[in-house]
Amino acid sequence: MSKLGDLGAKLYRGEVGYDFVGKRFLWYGVSILITITAIVALAVQGLNMGIEFKGGAVFTTPKTAVSVAGATEAAEKASGHDAIVQELGTGGMRIQISGLDTAAAADVKKELAADLKVTEADINADLVGPSWGEQIANKAWTGLGVFMILVVIYLAIAFEWRMAVAALIALIHDLTITVGVYALVGFEVTPGTVIGLLTILGYSLYDTVVVFDGLKEGSKDITKQTRYTFSEIANRSINGTLVRSINTTVVALLPVAALLFIGGGFLGAGMLNDISLSLFVGLAAGAYSSIFIATPLVVDLKEREPAMKALKKRVLAKRAAAESKGELSDDAYGSGDQAQVVSQGRQQPGRRR
């Protein structure tokens, strides 16, 4: 068995672990700082909305000897607006200009044909009205709202309302960070971006549900025992699925990273950036929130219950009594109250030394 596989087995059996729940206020602080940065970036710089949302014209030219810089200069001179030019694999250009109406687009097309030394009839011009982009945005918001409502209902039925609330907060956390990164780097927001945002919600939710499922199973009949508090069982659930979460996240991020850094960066495939950035940031944020945000939030909500408070008192009282008799116990594995880090080679929880 590989070292990672061996570690995963030990984490699953509870032989080793890290106190994620006990350090939850540190994770909350990190998330709040990142979220505030994202909101400030969004308020100060705003989003660079693509032509699909602002309206304008997209010209696709045949193969030309003119460089991207030359095509950009020609397009901006002809239109009087900023232009975004991308070189296509065919050797042609995709020229995107915002704020053009039908009459202006016809004049720009004629000038582009002359400057790029191509036939005007070979230039394909697509006009996009701002109303179309507004419809896309409204449908995206509607889809997002419906998705959130269904998620809350499903989790409340399958698990409980506290887990539904925690998952919803984690999803909002992931969306805010991803949108904030778009504001910081200035990438265009296109329909591809919207698709990417909706995609990461599903991934983030999947990772969170995996941990919640382990927590639900581990906390069954929890008040009938006095070995573990709820926070300790929640910590065991996170550690038990930790390697799985890392593996799925890495496997998902590798192709997206190739799409973003190699395809979008080195090869200049700018059209890939709109969806790949949202996927890359969203997948990473989703993995983080499922481990460091969602489950600790459930613990904070759950341990407000009188039954969980009473259980915690009984568990701690039992341990205090055992310690006063000179007995050593491993029952405090992963406790947010006492244990911090369980080292390699520690005996499995519940066994006496």
- For the stretch 121-161, how big is Rg over Rh, using alpha carbon atoms and the Kirkwood form of Rh? 1.43
- Message: For the stretch 35-129, what does the accessible surface come to per residue with a 1.4 Å probe? Please give it in Å².
- Response: 52 Å²
- Message: Straight-line reach from residue 54: which lysines fall under 27 Å, measuring Cα to Cα and dropping same-chain residues less than 8 apart?
- Response: 77, 109, 110, 139
- The simple spin-label model distance between residue 309 and residue 258, using points 7 Å out along Cα→Cβ, in nm, is 5.5 nm
- Message: Run the reach check for residue 302 against lysines, Cα to Cα strictly under 30 Å, same-chain hits fewer than 8 apart removed. What comes back?
- Response: 10, 23, 216, 220, 224, 312, 313, 318
- At 1.4 Å probe size, with no ligands or nucleic acids counted, give the accessible surface of residue 227 in Å², nearest ten. 90 Å²
- Note on the structure: Here the gain from full extension of residue 223 to residue 107, 0.36 nm per residue of separation minus their alpha-carbon distance, amounts to 34.1 nm
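The values are calculated or read from the model by the stated rules, or taken from the named source; none is laboratory data. Just so we're clear, the structure is a prediction, and the values are computed from it rather than from any experiment. Positions of Cβ are backbone-derived with ideal geometry, glycine not excepted, and every protein chain shown enters the neighbour counts. Quick note on the areas: whole protein, heavy atoms, side chains included, nothing else; ligands and nucleic acids left out. Shrake-Rupley method; radii C 1.70, N 1.55, O 1.52, S 1.80 Å.
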